[in-house]
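The values are calculated or read from the model by the stated rules, or taken from the named source; none is laboratory data. What you see is a predicted model, and the numbers here were worked out from it, not measured in a lab. Because the Cβ atoms are built from the backbone with ideal geometry, glycine has one as well, and the counts that use them run over all protein chains shown. Side chains are part of the model used for accessible areas, which takes the heavy atoms of the whole protein and leaves out ligands, DNA and RNA. Shrake-Rupley method; radii C 1.70, N 1.55, O 1.52, S 1.80 Å.
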Amino acid sequence: MYKVVQRLLKKKYFSFIAVVVIAFAIIGEMYHFVILSNSKSMVIGLNYPGAEEGLNPDGSRFNISELTSDEILDTAKANLKMKNQSNDSIRSSMQITTQFSQGEMDEVVADIKSDAQATYVPTSFHLYYTQKNKLRRNETYEFLEALAQSYEDYFNKNHAENNSILTFNENSYDFSDYDYTEIYQILYNKAERMSTLLNIHREENRAFRTEDNMNFGTLRDELENFKNVKLEKFNAYVVQNRISKNRSAYMSKLQYLIDNNGILFRKKRQASDIAKNALNKYDPNIAAVAFIPSLDSSHSFYMSRTKTGIDDIARDSYSDGMDATRISKKIDSYNNNYQKLSQAADSSPEQLKYVNDYLTSLIKDFSELSEKVVKVDNEYLKYKTESYLTYQIDKKSSPIDLKIIFKFALLGFFLSLIIIVYMEFFYHFISKKTATVKRALLIMTKYRK
């Protein structure tokens, strides 16, 4: 054993081992720098109601290919050295896949065995990306991070909840062509829609508070005060004093609205009456034997029992009747305004100045309140949607990876050791055997000739 070790511990072998280990260490670093550090993966997870059904939060169909759209790629690469690289080139370096867990696979197999509809909708996706130009500055990690942020912003903007209804400022509407009563109605409806959305968010999370301790209850009260006090005070003054920017022009507009809505009212009323007459002629005994062609929700024809058709007629009659009632109320309101203005004189300059000043104050207050509401609601939506999309990127690589270098150096050491053992103990033996075989073959060949 001592002689074996002594044969291996020759100076030339130490030099050989050192050269091989260093060479493999360099190869390992080059492999890390050129290949591994330029290739990374990212896992994207969907965590919201409807994701398991393949839907976006807004109910539309989820499509992971949006991740590679031009809009998202343009935003992701904007601040990187790769900004001049074409999107098609980037897409060719990307691959998106999904993976089955064993549990999910077992569920699908069980559904197939039980003759049930076997479906699998993934809620996590794996994106693999390799930077094409290996000699350029490595931006693989930075690109994936920017891509994830760009996609999250796009997703929340286009598929998550939209609270743009809460936005109001001095430029939201051009009131120059509207009379004061119309302006009141526009502002009231806007405040009503804002209040509805705030109540929805309040019911979702009553405990939510912003960093400055604001909550939806406080904002809702401020909005209700604006709508039911400040706005009503403005409208009461306008109605009581019969204020109008241009009385004759507004009366002409009201007459047009009365005539137009009158036509619509008669159409809805007639449609409802026709449906009622059809229902009165219906014989319930025919329902069991007669079928009629009908349209389903996808606009495809099918044969249904007459009872289904009767239900549709009843529903249409009710809907048309309700529409006619709503239109009738609008006509009554227009007629009331028309009658009051027809008996009023033109508004004085003092009255118009007071109303305009009050309206300016109203719009300013509403704008400030809207700004406050939007700030709180944006903070809530950020809190609500922060876990809708999750992503995990392979950690950023350092220029030198000691683990890879050590592994390759260790591989070089064992490989050089194998070569040394072969050269020292087996080379001569195998060479002799090979030479003997060669001579034997030569002799056999010569003998055959």
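Looking at this structure, is Leu187 open to solvent by less than 60 Å² (accessible area, probe 1.4 Å) and either under 30 Å from Glu71 (Cα atoms) or touching a Cys at 6+ places or on another chain (Cβ under 8 Å) (or both)?
Working: open to solvent by less than 60 Å² (accessible area, probe 1.4 Å): yes; either under 30 Å from Glu71 (Cα atoms) or touching a Cys at 6+ places or on another chain (Cβ under 8 Å) (or both): no.
In short, no.
Suppose we filter segment 340-366 for residues that are surrounded by 16 or more Cβ atoms within 10 Å (Cβ to Cβ) and polar (S, T, N, Q); how many remain?
So the count comes out to 2.
Looking only at segment 374-392, decide whether some residue is more than 30 Å from Leu147 (Cβ to Cβ) and in a helix (DSSP H, G or I). It would help to see each step written out before you state the result.
To start, the set of residues in segment 374-392 that are more than 30 Å from Leu147 (Cβ to Cβ) comprises 376.
If we keep only those that are in a helix (DSSP H, G or I) too, we end up with 376.
Yes, because at least one residue in segment 374-392 is more than 30 Å from Leu147 (Cβ to Cβ) and in a helix (DSSP H, G or I).
Taking the condition in a helix (DSSP H, G or I) and within 21 Å of Asn47 (Cβ to Cβ), does Leu198 pass?
Values: in a helix (DSSP H, G or I): yes; within 21 Å of Asn47 (Cβ to Cβ): no.
So Leu198 does not fit the description; no.
Residues of segment 394-417 being surrounded by fewer than 18 Cβ atoms within 10 Å (Cβ to Cβ) and either within 21 Å of the chain's Cα centre (by Cα) or aromatic (Phe, Trp, Tyr) (or both), which ones?
If the condition is that a residue be surrounded by fewer than 18 Cβ atoms within 10 Å (Cβ to Cβ) and either within 21 Å of the chain's Cα centre (by Cα) or aromatic (Phe, Trp, Tyr) (or both), then Phe406, Phe413, Phe414 are the ones that fit.
What about Ala148, is it small (Gly, Ala, Ser) and in contact with a strand residue (DSSP E or B) (Cβ under 9 Å, 6 or more places away or on another chain)?
Criteria met by Ala148.
Kindly indicate the residue of segment 150-175 that is open to solvent by 70 Å² or more (accessible area, probe 1.4 Å) and under 16 Å from Tyr383 (Cα atoms) and also farthest from the chain's Cα centre (by Cα) among those meeting that condition.
My answer is Asn162.
Can you report the number of residues in segment 242-257 which are modelled with pLDDT of 80 or more and open to solvent by less than 60 Å² (accessible area, probe 1.4 Å)?
Residues that pass the stated criteria total 3.
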